[in-house]
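See structure below.
Derivation of every value follows stated rules applied to the coordinates shown; laboratory data play no part. The shown structure was predicted, so the numbers you read here are calculated from the model rather than taken from an experiment. All Cβ positions, even for glycine, are placed from backbone atoms using ideal geometry, and neighbour counts span all protein chains on display.
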Amino acid sequence: LAQIDYPSNRLANVADLKVNEPVDIEYPDADSPGVLLKLGQSVEGGVGPDGDIVAFSTLCPHKGFNMSYNGEDHTLNCPGHFSRFDVEAGGQQTWGHATSNVPQFTLRVDDKGDIYAEGCSDLIYGRMSNVL
Ligand code: FES
């Protein structure tokens with residue numbers, strides 16, 4: 001996987017987030033929907049005081065359907081061909097047709113608790129290169 005740097009965007013503040021309540025985001029631009037999550041336990045790539053805040057693209061890496069968050073098993077679920085991705089394990093695919101994991105956004109939290117996205121773990125669906 002290739003880490004891709006995108007411009008820094010403020011997504012939310014840690015005080016805005018509640019455990020297991022997904023927040024819709026767009027990153028790095030309006031054509032790229034994603035989800036910001038507080039999972040309630042420290043996970044891979046997690047930031048914030050509890051190490052549990054993560055963000056992912058919600059475009060399925062198979063064919064680009066927009067996925068939704070399943071709070072019962074902490075996965076992103078694709079309505080296209082039913083792939084599932086584990087948000088507690090860096091977006092690892094746990095079932096389905098996709099041939100890659102779903103890109104995880106790289107997050108940073110500043111001393112005011114503002115959460116910034118600054119990059120991505122892999123190419124977002126439909127993008128041919130790491131430029132906007
Ligand atoms: Fe998501 Fe096919 S588009 S599994």
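Assorted remarks:
- GNM result for the chain, Cα springs below 10 Å: residue of Q41, Q104, Q93 fluctuating most strongly: Q41
- For the chain, built as a Gaussian network whose Cα springs stay under 10 Å, the top-fluctuating residue of E44, E118, E72: E72
- Other residues whose C-beta falls under 9 angstrom from the C-beta of V43 contribute a net charge of -3, scoring Lys and Arg +1 and Asp and Glu -1.
- When each of the peptides 64-70, 108-114, 34-40 is scored by how many other beta carbons lie within 10 Å of its residues on average, the order from highest to lowest is 34-40, 64-70, 108-114.
- Overall, the ratio between the Cα radius of gyration of segment 67-132 and 2.2 N^0.38 Å, rounded to two decimals, is 1.25.
- Among V54, V43, V87, residue whose mean-square fluctuation peaks in a GNM of the chain (springs only between Cα atoms under 10 Å): V43
- Across the chain: Cys residues that no other cysteine approaches within a C-beta distance under 4.7 Å: C120
- Area projected by the alpha carbon convex hull of the chain, averaged over all directions, nm²: 7.1 nm²
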